[in-house]
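**Q** Could you have a look at this structure, given as structure tokens, before my questions?
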Amino acid sequence: YLSATSVYGDNKGEWVDEKTNPSPTSSRGISRLNAENCWLKYYRNFNLPVQILRLSGIYSLENNIINRLKTGTLKIVEKNNHFFSRIHVEDIAEILTLSFKKFNSGQIFNISDDYPCSNEEIANYAASLMKLNLPKKIKFKDIENNMIKDFYRDSKKVSNKKMKNFFQYDLKYPTFKEGLGMIKNHII
């Protein structure tokens, strides 16, 4: 089951791993956790093969901060101690493929890159990389979009150690810098 790290909720910028007690704050996180529990119930009650992959924020060649900068849809919210993790879609595909070959039923794995950081740090890097201007910052209370509000409500750094150890996988894009570098090369 492809779940999401939103199940962890807000951890005030601290590290979370698969042993961290989930405490979702958003309706999406609550729904994901309920679905996880249903799948784990099937695993326990019927011995069905189940692995849960908790995906961090997904980005790709099509969906990324550079595109949002270029189209003027990027929001940078003023919020101290806001950390989040992400994962490139190509790394997700590789891990999914590995998960069919190397299966450990009943296990949960966080799927994220090696460098949790603020959205502002990524935006600054992307703007510098593409020589684009950053949008004006907005305050958390001024966010109108509920998805963006949910994103900024929670702050956590997601550990990927269990995933890397179990699948013996070296990320193709270990940080946003490698991912955005590839995206830039495809845009230009």
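The values are calculated or read from the model by the stated rules, or taken from the named source; none is laboratory data. None of the values given here were measured: they were computed from a predicted structure. For neighbour counting, all protein chains shown are included, and Cβ atoms are generated from backbone atoms with ideal geometry for every residue, glycine included. Side chains included, ligands, DNA and RNA excluded: accessible areas come from the protein's heavy atoms. Shrake-Rupley method; radii C 1.70, N 1.55, O 1.52, S 1.80 Å.
**Q** Which residues, taken from the range 102-123, are open to solvent by 30 Å² or more (accessible area, probe 1.4 Å) and either without any contact (Cβ under 8 Å) to a residue 40 or more places away in the chain or not acidic (Asp, Glu) (or both)?
**A** Listed by number, the residues that qualify are 102, 103, 104, 105, 107, 115, 118, 121.
**Q** Open to solvent by 30 Å² or more (accessible area, probe 1.4 Å), aliphatic (A, V, I, L, M) and either out of contact with any Leu (no Cβ under 9 Å at 6 or more places or on another chain) or assigned to a helix (DSSP H, G or I) (or both), is that true of residue 95?
**A** no
**Q** Can you tell me how many residues in the range 28-52 are touching a residue at least 60 places away in the same chain (Cβ under 8 Å), open to solvent by 70 Å² or more (accessible area, probe 1.4 Å) and over 15 Å from residue 104 (Cα atoms)?
**A** 1
**Q** Of the residues that sit in the range 134-165 and are hydrophobic (A, V, I, L, M, F, W, C) and touching a helix residue (DSSP H, G or I) at 6+ places or on another chain (Cβ under 9 Å), which one is surrounded by the fewest Cβ atoms within 10 Å (Cβ to Cβ)?
**A** 147
**Q** Kindly check whether there is at least one residue in the range 63-74 that is open to solvent by 80 Å² or more (accessible area, probe 1.4 Å), of a type outside the set (Ser, Thr, Tyr) and over 30 Å from residue 133 (Cβ atoms).
**A** No, the range 63-74 contains no residue that is open to solvent by 80 Å² or more (accessible area, probe 1.4 Å), of a type outside the set (Ser, Thr, Tyr) and over 30 Å from residue 133 (Cβ atoms).
**Q** So, in the range 98-114, of the ones that are part of a strand (DSSP E or B) and aliphatic (A, V, I, L, M), which residue ends up nearest to residue 176 (Cα to Cα)?
**A** Step by step, filter the range 98-114, then rank; the result is 111.
One line per residue, one yes/no per condition, for (1) over 28 Å from residue 143 (Cα atoms); (2) modelled with pLDDT under 95; (3) over 17 Å from the mean Cα position of the chain (by Cα):
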site	(1), (2), (3)
10	no, no, no
14	no, no, no
33	no, no, no
40	yes, no, yes
51	yes, no, yes
59	no, no, no
77	no, yes, yes
80	no, yes, yes
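**Q** Right, another one. Taking residue 172 and the conditions (1) modelled with pLDDT under 95; (2) surrounded by fewer than 15 Cβ atoms within 10 Å (Cβ to Cβ); (3) within 17 Å of the chain's Cα centre (by Cα), which numbered condition does it fall short on, given that it satisfies the others?
**A** The number of the failed condition is (1).
**Q** Between 127, 123, which is among the hydrophobic types (A, V, I, L, M, F, W, C) and under 17 Å from the mean Cα position of the chain (by Cα)?
**A** Exactly one residue qualifies, and that residue is 123.
**Q** Further question: Only residues in the range 1-20 that are of a type in the set (A, V, I, L, M, F, W, C) count as the first member; pair them with residues that are modelled with pLDDT of 95 or more and part of a loop (DSSP other than H, G, I, E, B), Cβ under 7 angstrom, at least 6 apart or cross-chain, and list the lot.
**A** 7/22; 7/24; 15/159; 16/156; 16/159
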